[in-house]
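Structure record follows, encoded as structure tokens.
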Amino acid sequence: MTFTVRATILQTPEPGQLDVREEQLIHVDSDGTISAIEPANGAPADIEFGQSHALLPGVIDTHIHAPQWPQLGTGLDLPLDKWLFEYTFPMEARCADLDFATSVWAGMVPSLLATGTTTAVYYGSVHEPATAALAQACVDHGQRAFVGRVAMDHPEGTPEWYRDRSASDAIAASAASIDEIHRIGGGPGARVQPILTPRFIPACTDALLTGMGELAEATGVLVQTHCSENDWEHNYVIDRFGCSDTEALSRFGLIRDHTVLAHGVFLGVDDRRHLIDIGAGVAHCPLSNVYFGDAVFPARQSIEMGLRVGLGTDIAGGPEASVLRNCGQAVSSARMLQDGVNPQLERDVRGRADSRIDITTAFWMATVGGAELLGIPAGLLEPGRVFDAFAVNLERFAWDDIDDWDRTFEKLVRGAGSADIEHVWVDGVSVLSNRN
Ligand SMILES: [Zn+2]
């Protein structure tokens, strides 16, 4: 069924640019695509928001570990390699219990929608049934999603009690999971899609990485993994293969158009150029990087080079479920990269010049950047794109005579949560409504 929405639109078509369109009439087709947007001029609409609300494109979480949802906000005292074995693999291993996993997804997916996350790119666990149930939860709650069964078989990089039994087992299970998620989601191009998910090089044998590259080539399904996340992971790959993480993944056929590489903190200039040439990009997870990254991802330099960059929460490496909060953190982290953090260093050598970003650039990563990274027609409210959007009550963010749209936008991106977000749509479908 077609419908119309009347609202003021706030969005960021380019980094550094806020586009404000007051009182627009948005026409949404029966397939969920925006067919037209025009000034409302007082015309009635099926759903009407006045000056007290704003409509924004839904945000895209390009990196999230679904089985770590119960761990959110804890376990941030260890370095990555120990954090995985001590806290995270035991939590993920519990998804062998399908009832447990299903109960986690049932709480998580609606919670994320309530923060404005209309698209999520999920790591599941190694378990096919739990991963299929995650895809089903996304279908049931109406979230756009890429869902990946995690492949991990390395005898040293994974514990004996949480790994694929062999590379061939892992490849077969990943192939079966693709078919299952296509069946659940409705096939290629549907709202819920599979994504190939070799965890990261330290958790995978050469045979598994080779097989996953071949599976990506054979199926055309997108790929996600972690890349140059921190000193340990980056140097592990150099020690094992004698080259950068990007180059190693590329040799295995895993760097492809729209491959999603989490973190990329230590990508070199040549790595970035290679990713740009192929069309792969980075899921920038600024809050997770505070705890596990050892440094700040240079978002501004990467975007200016032309690299595709989206934002991710990296639950539970990042202790915050909201992509909007990660927008604020991206701005803070970029500021710290520019200014530096060690007061023992002289000011002129303490930071990295020209690293700051503003809140519009952060929101651009969370919307347009993520959509370009994934190759989906979301991220902006304009004709031809899907109607993935959320409506925010501006009561807490707009003071008469104090706030203009720029200030209100900055406030709401930094502060809006589920209490302020009153309506969420994915693909033109209302998936959450708190309106009385
Ligand atoms: Zn991760």
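All of the numbers you see were taken from the coordinates with simple rules; none came from a lab. Just so we're clear, the structure is a prediction, and the values are computed from it rather than from any experiment. Counting neighbours? That spans all protein chains shown, and the Cβs are built from the backbone with ideal geometry, glycine included.
Projecting the Cα atoms of His226, Ser418, Pro79 onto the dipole axis of the chain, where Lys and Arg carry +1 and Asp and Glu carry -1 at the beta carbon, places Pro79 farthest toward the positive end. Which whole-angstrom value gives the distance between the alpha carbon centres of the stretch 1-27 and the stretch 326-344? Between the Cα centre of the stretch 1-27 and that of the stretch 326-344, the gap is 31 Å. In a shell of Cβ-Cβ distance under 12 Å around Asp206, excluding Asp206 itself, what net charge do Lys and Arg (+1) and Asp and Glu (-1) give? With Lys, Arg at +1 and Asp, Glu at -1, the neighbours total +1. In the chain, the DSSP beta bridges split such that about 50 percent are antiparallel, to the nearest 5.
Here Phe241, Phe387, Phe49, Phe363 are placed in order of increasing Cβ neighbour count within 10 Å, fewest first, which gives Phe241, Phe49, Phe387, Phe363. Once the gyration tensor of the Cα atoms in the stretch 30-73 is diagonalised, the equivalent ellipsoid follows with semi-axes of 35, 15, 9 Å, ordered largest first.
Using Cβ point charges alone (K and R +1, D and E -1), the dipole size of the chain about the Cα centre works out to roughly 120 debye.
Report, to the nearest 10°, how far helix 269-278 tilts away from the longest principal axis of the Cα atoms in the chain, using its own Cα long axis and a range of 0 to 90°. Result, in degrees: 70.
Among the trypsin sites (Lys or Arg not before Pro) in the stretch 366-436, those located in a DSSP loop and surrounded by at most 13 other Cβ atoms within 10 Å of their own Cβ are Arg435. Compared with the dominant Cα axis of the chain, that is its longest principal axis, helix 128-141 is turned about 0°. Averaging Cα coordinates gives a centre for the stretch 389-409 and one for the stretch 60-91; these two points are 34 Å apart.
Once the other residues with Cβ under 13 Å from the Cβ of Val221 are scored (Lys, Arg +1; Asp, Glu -1), what is the net sum? Charge balance near Val221 sits at -3. The coefficient of translational diffusion for the stretch 290-360, derived via Stokes-Einstein from the alpha carbon Kirkwood radius under 37 °C and 0.692 mPa s, stands at 251 µm²/s. All Cα-Cα distances of the stretch 162-321, cut into 5 Å bins from zero to the largest, leave 2, 9, 18, 20, 21, 17, 9, 3, 0 percent in each bin in turn.
Centre-to-centre separation between the Cα atoms of the stretch 411-436 and those of the stretch 164-219: 33 Å. Placing unit charges on the Cβ atoms only, positive for Lys and Arg and negative for Asp and Glu, gives the stretch 54-187 a dipole magnitude near 380 debye about its Cα centre. As a calculated quantity, the FRET efficiency between Met305 and Asp99 at R0 = 41 Å, using C-beta atoms, amounts to about 0.30. Gyration tensor over the Cα atoms of the chain: the corresponding equivalent ellipsoid has semi-axes (square roots of 5 times the eigenvalues, largest first) of 34, 26, 19 Å. For Met365, Met212, the sequence from fewest to most other C-beta atoms within 10 Å is Met212, Met365.
Cβ crowding within 10 Å ranks Ile9, Ile402, Ile60, Ile315 as Ile402, Ile9, Ile315, Ile60, fewest other Cβ atoms first. Ranking Ala106, Ala132, Asn342 by how far each Cα lies toward the positive end of the dipole of the stretch 59-374 (charges on Cβ) leaves Ala106 at the top. Seen from Ile60, the other residues with C-beta closer than 11 Å to its C-beta sum to a net charge of -2, counting Lys and Arg as +1 and Asp and Glu as -1.
Ratio to report: Rg/Rh of the stretch 64-123, with Cα atoms as the point set and Rh obtained by the Kirkwood method; give two decimals. Ratio value, two decimals: 0.99. The angle between the Cα long axis of helix 206-219 and the main principal axis of the chain comes to about 40°, on a 0 to 90 degree scale.
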